[in-house]
Amino acid sequence: MRTYSALALLREGLSGHRGWQRAWADATPKPHYDVVIIGGGGHGLATAHYLAAEHGISNVAVLEKGWIGGGNTGRNTTIVRSNYLWDESARLYDHALGLWEGLSDALNYNVMFSQRGVMNLAHNLGDVREGKRRVNALRLNGVDSEWLEPAAVKAFCPPLEVGAAARYPVMGATLQRRAGTARHDAVAWGYARAASARGVDIIQNCEVTGFRREGGRIAAIETTRGSMTAGKVGMVVAGHSSVLADMAGFRLPVESHTLQALVSEPVKPVLDTVVMSNAVHVYVSQSDKGELVIGAGIDDYLSYAQRGSFPVIEHQMGALLALFPSFSRLRMLRGWGGTVDICPDASPIIGRTPLDNLFINCGWGTGGFKATPGSGHVFAHTIARGEPHPLAAPFGLERFTSGRLIDEHGAAAVAH
Ligand SMILES: Cc1cc2nc3c(=O)[nH]c(=O)nc-3n(C[C@H](O)[C@H](O)[C@H](O)COP(=O)(O)OP(=O)(O)OC[C@H]3O[C@@H](n4cnc5c(N)ncnc54)[C@H](O)[C@@H]3O)c2cc1C
């Protein structure tokens with residue numbers, strides 16, 4: 001793999017950009033792999049990369065039914081933070097945030113990680129108490145977190161309406177300064193390029209359609225491009241996790257819902273942080289192109305449609321304008337949806353399954369983009385060693401029978 005650098009850019013600029021290589025090879029499926037990863041989103045690609053880079057397992061295929069990053073990885077609102085309440089989650093998400101901080105260098109690919117801070121607003125006494133509790137819990141876990149009084153909130157984010165006349169009074173906010181945004185496609189492309197360079201086969205337009213089971217194991221994987229065998233299989237298909245689990249013969253405590261977002265027309269820089277409001281179910285940041293990126297809660301009903309409903313947009317716009325009245329003349333440019341996989345406790349599932357050589361990573365719901373590097377890192381360890389990474393251990397499927405749930409509904413920032 002040729003290294004991207006300022007010098008390479010200069011050289012290519014002077015020679016008509018004819019020397020760039022393909023970022024990753026377009027592989028043809030082989031009959032056998034040591035590990036097959038199903039799902040070419042950020043989590044699947046990161047898993048493949050760390051399998052090769054940290055565990056020396058490079059006879060790996062990533063099977064993607066569409067194009068890599070075309071699922072939730074390319075559809076999210078790109079917010080990265082680690083301000084989760086419980087110890088188990090704070091450790092997992094902060095592990096991911098630590099990896100984000102060095103990711104562009106590690107992958108030699110600019111993922112445009114921007115630590116512009118994330119504020120979660122408090123609009124009532126319950127929010128204030130919950131926010132302060134979270135700040136304290138995070139600090140006890142060594143995760144950066146601050147409580148801002150209303151004047152400090154206004155100073156940090158001038159366009160926000162915090163005055164007495166505000167429709168939703170701002171009574172303070174939590175702030176994580178290390179949090180921010182990243183370029184979602186670049187994360188998929190960066191991991192794909194790094195994994196491919198280490199010998200991983202990235203196979204697009206290859207849908208898994210079934211499994212052949214033998215003696216409590218996956219004996220073969222059926223795909224639209226033929227069948228193959230694998231020593232171990234990792235399932236990382238987000239909103240389609242229950243569909244694939246059903247093919248493998250077990251059930252998951254996961255619901256698939258549509259989550260949508262939209263962007264405004266691009267405008268000059270106006271918002272240099274991320275603002276989230278749990279109480280009114282809206283959050284907003286500004287992309288490097290200038291668009292306001294606006295997210296909301298999930299559609300209540302179960303669906304595999306990558307398209308959300310109008311009542312959510314109506315509520316989302318009303319909430320946005322109550323917080324930022326000055327955005328009222330902005331025109332909205334486009335909206336889209338993704339299918340998110342939500343567990344009853346709003347925490348992910350990472351670990352073993354009832355089948356011996358099948359491992360699962362799912363249930364990230366509305367908030368898995370931020371976890372991408374950490375999720376791939378601990379899942380690769382789990383697959384390679386056959387036992388959960390210590391950070392992943394509390395997130396196994398067993399918690400739904402043991403009752404040791406990790407309730408992170410409050411950290412989701414929007415209702416789900
Ligand atoms: C609108 C929206 C906003 C969001 N905002 C944020 C945010 O701001 N911050 C945050 O942290 N998270 C956010 N999320 C959640 C986040 O996007 C996801 O949790 C995360 O991207 C999941 O990554 P993944 O790699 O597991 O899934 P995906 O990127 O969805 O990858 C799974 C892949 O599996 C493939 N697949 C499915 N079935 C098969 C099959 N049978 N065979 C082969 N391949 C298959 C799919 O095509 C897909 O590409 C948001 C999600 C949405 C939809």
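Do we have any residue at all in segment 195-210 that's crowded, with 22+ Cβ neighbours inside 10 Å, part of a helix (DSSP H, G or I) and touching a helix residue (DSSP H, G or I) at 6+ places or on another chain (Cβ under 6 Å)?
yes
Can you report the number of residues in segment 62-95 which are over 26 Å from Ser227 (Cα atoms) and more than 6 Å from the ligand (Cβ to nearest atom)?
So the answer is 17.
If I ask for residues that are open to solvent by 10 Å² or more (accessible area, probe 1.4 Å) and more than 7 Å from the ligand (Cβ to nearest atom), which ones from segment 352-364 would you list?
Of everything in segment 352-364, those that are open to solvent by 10 Å² or more (accessible area, probe 1.4 Å) and more than 7 Å from the ligand (Cβ to nearest atom) turn out to be Arg352, Thr353, Pro354, Asp356.
May I ask you to verify whether Ala8 is open to solvent by less than 20 Å² (accessible area, probe 1.4 Å) and assigned by the TED database to the domain that holds Gly363?
No: the conditions fail for Ala8.
Within segment 38-61, restricting attention to residues that are in contact with an Asp or Glu (Cβ under 6 Å, 6 or more places away or on another chain) and open to solvent by less than 30 Å² (accessible area, probe 1.4 Å), which residue is nearest to the ligand (Cβ to nearest atom)?
Here the answer is Gly40.
Conditions tested, residue by residue: (1) open to solvent by 10 Å² or more (accessible area, probe 1.4 Å); (2) assigned by the TED database to the domain that holds Asn141; (3) assigned to a loop (DSSP other than H, G, I, E, B); (4) in contact with an Asp or Glu (Cβ under 6 Å, 6 or more places away or on another chain).
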position: Ile350; (1), (2), (3), (4): no, no, no, no
position: Thr366; (1), (2), (3), (4): yes, no, no, no
position: Ala371; (1), (2), (3), (4): no, no, no, no
position: Phe400; (1), (2), (3), (4): yes, no, no, no
position: Leu405; (1), (2), (3), (4): yes, no, yes, yes
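Pick from Val254, Val237, Val233, Val270: which is touching a residue at least 12 places away in the same chain (Cβ under 8 Å), farther than 30 Å from Ile57 by Cβ and out of contact with any Lys or Arg (no Cβ under 6 Å at 6 or more places or on another chain)?
The conditions single out Val270.
Filter segment 164-212 down to residues that are acidic (Asp, Glu) and over 19 Å from the mean Cα position of the chain (by Cα) and give me whichever is nearest to the ligand (Cβ to nearest atom).
Glu207
When segment 233-277 is examined, which residues are found to be in a strand (DSSP E or B), out of contact with any Gly (no Cβ under 8 Å at 6 or more places or on another chain) and over 30 Å from Leu321 (Cα atoms)?
Matches in segment 233-277: Val233, Glu255.
The values are calculated or read from the model by the stated rules, or taken from the named source; none is laboratory data. Every value quoted in this text rests on a predicted model; they were computed, and no experiment measured them. Quick reminder, even Gly has a Cβ in these numbers, built from the backbone with ideal geometry, and neighbours come from all protein chains shown. All accessible areas refer to the heavy atoms of the entire protein, side chains included, with ligands and DNA or RNA removed. Shrake-Rupley method; radii C 1.70, N 1.55, O 1.52, S 1.80 Å.
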